[in-house]
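> Would you mind keeping the following structure in view while I ask a few things?
The values are calculated or read from the model by the stated rules, or taken from the named source; none is laboratory data. From a predicted model like this one, the values you see are computed outputs, not experimental measurements. Note: ideal-geometry Cβ built from the backbone for every residue, glycine included; neighbour counts use all protein chains shown. We work out accessible area using only protein heavy atoms, side chains counted, and drop any ligands, DNA or RNA first. Shrake-Rupley method; radii C 1.70, N 1.55, O 1.52, S 1.80 Å.
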Amino acid sequence: MKYEVVMGLEIHIELATNTKIFCTCTTAFGGEVNTHCCPICTGMPGTLPVMNRKVVDFAIKAGLATNCTIANFSKMDRKNYFYPDLPKAYQVSQFDLPICEKGYIDIEVNGQTKRIGITRIHMEEDAGKLIHDEGGTGSLIDYNRCGVPLIEIVSEPDLRSAEEAKIYVEKIRSIMQYIGISDCKMQEGSLRADVNLSVRPMGQVAFGTRTEMKNLNSFKSILRAALHEEKRQIKEIENGNIIVQETRRWDDDLGKSFSMRSKEEAHDYRYFPAPDLVPIKVSDEEIISFKNSLPELPQARINRYINDYKLPEYDAKILTNSKDIADFFEEAIKYDVPPKKVSNYIMGNVRKLMNINNDEVPPFTGEQLAMVIKLVSKGTISSNMASKVIGFMYEDPKNPLLIVKEKNLGAMNDEGALIKIIDEVISQNQQSVDDYQQGKKKAIGFLVGQVMKQTKGKANPQTVNKMLVEKINNLK
Amino acid sequence: MKVTKETVNYVANLSRLTFTDEEAEKMAGQMDHILRYMEQLNKLDTTDVTPMEHVKPISNVFRDDLVVPSYDRSELLKNAPNQENGAFKVPKIVE
Ligand SMILES: [Zn+2]
């Protein structure tokens with residue numbers, strides 16, 4: 001039987017404020033255990049939390065950037081549960097009146113635009129960190145993260161594959177970075193996703209029973225966890241078992257998920273309005289002024305790249321996926337180099353190196369990339385050598401001209417030596433020469449390749465091509 | 001609505017409390033009594049009354065996003081029943 005997977009995501013994003021949501025402690029990452037704490041964020045009795053204005057501003061911006069309706073009236077609620085990472089025994093969150101509701105974003109899946117609904121975005125506080133000391137007699141708690149402001153973006157169950165889920169998270173991350181409300185550093189936990197997943201026989205309207213996997217903090221783990229859970233559920237159903245609604249923990253090292261029944265009983269949160277925090281009112285005028293203050297969003301940038309720089313839509317979409325890369329691109333084209341050339345290098349060499357090194361930005365500047373492109377257009381280096389220069393520049397971001405000199409990567413401009421190599425290649429590859437002469441024009445590519453190999457890639461392939469053609473034509 | 005002993009034990013469990021059978025029985029009766037008393041409110045006609053979202057008639061109390069040095073850690077840990085290396089220590093949590 002064919003199955004369809006149905007997924008909804010809850011994405012937690014840490015906001016880039018200076019202070020925590022209800023107190024004046026710093027939100028700086030790291031820090032000695034329990035040194036970013038005060039009586040408010042450690043839940044001492046009798047303390048009075050006061051809302052950080054910036055948290056509300058950021059949540060409204062996030063809502064507007066995802067086409068949500070902003071609530072004129074919103075309030076905070078207490079979500080009650082016992083776990084030592086939460087010193088008050090409740091988390092301050094939003095229940096029935098969240099700040100943003102009913103939005104959507106459009107994602108690109110296999111060249112098609114798909115709209116993913118956003119159910120709601122609400123504000124809440126982060127919890128502390130449990131330090132499980134192996135073999136120790138207890139658990140230790142660090143409350144530095146406790147009270148750091150978060151927004152939770154809840155999607156509709158509109159996602160139909162692990163790949164779609166990944167694209168959706170990438171898009172949300174890119175939007176949040178563009179509007180500057182979070183750095184979304186996944187390795188520091190600034191963006192975490194909970195994946196709700198169920199499967200159903202293709203064509204069935206009713207949803208299957210879903211499971212939830214919490215706190216996935218890399219694109220890779222979101223993708224792997226979703227794929228694994230999809231397979232697991234289908235297997236269970238095929239074996240005649242039923243899916244139990246539960247929370248599962250994904251272990252990225254083992255590539256497996258585990259049932260967490262221990263947490264199940266606590267799912268009765270008994271929400272009630274936070275008595276110490278007053279409601280939040282936002283006027284229509286304020287919403288309009290927030291709307292006007294939003295920076296250029298990815299879609300607007302895509303349009304600008306297509307119209308002003310004449311880039312293909314494909315390039316524009318990839319470049320704007322990350323704000324850092326789009327900024328890098330825009331810096332490079334300031335130096336009078338063709339935008340399409342810059343785009344090719346970024347999408348090719350640069351992106352490949354970034355993937356290998358797991359980097360979000362290249363270590364060199366857009367200006368340096370522009371310099372490499374100019375070295376090629378001036379004939380100082382061959383286009384083959386350009387990728388080597390970029391490789392060296394990635395390891396050590398020096399001036400590219402210096403790299404060319406130090407590593408002796410300059411183009412082979414010594415005509416005499418080149419002619420000699422070309423003659424050799426022609427005499428050693430008579431078959432290809434014959435093929436070419438008999439009209440198989442593709443055979444020239446092989447010969448160019450042979451010459452490039454002999455020159456260790458230093459010759460300019462266009463020049464070699466031209467010289468080879470002339471030479472072979474003269475042989476007739 | 002009749003509050004049962006099971007309801008009492010369920011709520012007690014969420015609050016990390018344990019009762020003897022006798023206590024739960026007694027508590028069920030008392031809670032039932034309280035809820036019945038509150039049920040009188042359901043008899044009122046509230047069609048034209050706007051729901052109250054919050055007890056206080058004020059809104060928008062905010063502070064600016066300015067960092068103030070945090071507390072001295074030893075002060076914060078003073079009342080902790082148990083501590084280790086600057087951290088609060090609790091009975092072992094098993095996942
Ligand atoms: Zn604090």
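> I'd like the accessible area for B:H33, computed on protein heavy atoms only with a 1.4 Å probe and all protein chains in place. Round to 10 Å², please.
Only protein atoms counted, so the area is about 140 Å².
> Now for a separate question. Report, as an integer, the average count of C-beta atoms from other chains found within 10 Å of each Cβ along A:450-460.
Average per residue, whole number: 0.
> Report, in deg cm²/dmol and to the nearest 500, the calculated mean residue ellipticity at 222 nm for chain A, where each DSSP H run with n ≥ 4 adds -39500 (n - 2.57) and the sum is divided by the residue count.
Computed ellipticity for chain A at 222 nm equals -12000 deg cm²/dmol.
> Next up: Below 8 Å between Cα atoms, with a sequence gap of 6+, how large is the relative contact order for chain A in percent?
This gives 14 percent for chain A.
> Just to make sure I understand: if all protein chains stay in place, what is the order of A:M452, A:M202 by accessible area at 1.4 Å, largest first?
Sorted by accessible area, descending: A:M202, A:M452.
> Just list whichever of A:K166/A:K453; A:K88/B:K5; A:K341/A:K442; A:K166/A:K398; A:K340/A:K466; A:K256/A:K388 have alpha carbons separated by over 30 Å in the model shown.
Check vs 30 Å cut-off fails for A:K166/A:K453; A:K166/A:K398; A:K256/A:K388.
> Using a probe radius of 1.4 Å on heavy atoms only, what accessible surface per residue do you get for segment A:415-475? Whole Å² is fine.
59 Å²
> For chain A, give the percent of accessible area contributed by carbon and sulfur heavy atoms, probe 1.4 Å, rounded to a whole number.
With neighbouring chains kept in place, the figure for chain A is 51 percent.
> I would also like to ask the following. Once you sort the root eigenvalues of the Cα gyration tensor of segment A:214-264 as a ≥ b ≥ c, which label holds: rounded (a/c under 1.5), prolate (a/b larger than b/c) or oblate (the other case)?
oblate
> Between helix B:21-38 and chain B, what is the angle of the helix's C-alpha long axis to the longest principal axis, kept within 0 to 90° and rounded to the nearest 10?
Helix B:21-38 sits at roughly 70 degrees to that axis.
> For segment A:366-378, what does the Karplus curve 6.51 cos²θ - 1.76 cosθ + 1.60, with θ = phi - 60°, yield as ³J(HN,Hα) per residue in whole Hz, taken in order and with x for Gly and Pro?
x, 4, 4, 5, 4, 5, 4, 4, 5, 4, 5, 5, 7
> A further question on this structure: For segment A:296-407, what's the relative contact order in percent, using C-alpha pairs closer than 8 Å and at least 6 residues apart?
In percent, rounded to a whole number, it is 21.
> As an exercise, use a Förster radius of 22 Å and the Cβ-Cβ distance of A:F29 and A:F95 to find the FRET efficiency, rounded to the nearest 0.05.
Calculated transfer efficiency: 0.15.
> Across peptide A:40-47, how many C-beta atoms of other chains are within 10 Å of each residue C-beta, on average?
Mean partner shielding for this stretch: 2.
> Shifting gears a bit: What accessible area, summed over both chains, is buried at the B-A interface (1.4 Å probe, Å², nearest 100)?
Interface between B and A: roughly 4100 Å².
> So how do B:T4, A:T320 rank on accessible area, 1.4 Å probe, biggest first, that is with the largest at the start?
Descending order: B:T4, A:T320.
> Expected output is a single nm value to one decimal: the length gained when fully extending between A:E134 and A:E156, i.e. 0.36 nm times separation in residues minus the C-alpha distance. What is it?
4.0 nm
> Ignoring ligands and nucleic acids, what accessible area does A:S377 show with a 1.4 Å probe (Å², nearest 10)?
Roll a 1.4 Å probe over it and A:S377 shows about 100 Å².
> Using the alpha-carbon atoms, what tilt in degrees (0 to 90, nearest 10) does helix A:162-178 show relative to the longest principal axis of chain A?
Helix A:162-178 sits at roughly 80 degrees to that axis.
> Also: Restricting to Cα pairs below 8 Å that are 6+ residues apart, what does the relative contact order work out to for segment A:3-286? Please round to a whole percent.
25 percent
> Using θ = phi - 60° and the Karplus curve 6.51 cos²θ - 1.76 cosθ + 1.60, what whole-Hz ³J(HN,Hα) does each residue of segment A:19-33 get, with Gly and Pro shown as x?
My calculation for segment A:19-33 gives 10, 5, 5, 10, 9, 9, 5, 6, 9, 3, 6, x, x, 3, 3 Hz in order.
> What does the average come to when, for each residue of peptide A:68-75, you count the partner chain Cβ atoms lying within 10 Å of its Cβ?
For this peptide, the per-residue mean of nearby foreign Cβ atoms is 1.
> Okay, next question. According to the square roots a ≥ b ≥ c of the eigenvalues of the Cα gyration tensor, what is the shape class of segment A:3-286, taking rounded for a/c under 1.5, prolate for a/b larger than b/c otherwise, and oblate for the remainder?
Because a/c hits 1.5 or more and a/b fails to exceed b/c, segment A:3-286 counts as oblate.
> Quick one: grab the alpha carbon gyration tensor of segment A:239-345, order the square roots of its eigenvalues as a ≥ b ≥ c, and give me rounded if a/c is under 1.5, else prolate or oblate depending on whether a/b is larger than b/c.
Since a/c reaches 1.5 but b/c is at least a/b, the shape of segment A:239-345 is classed as oblate.
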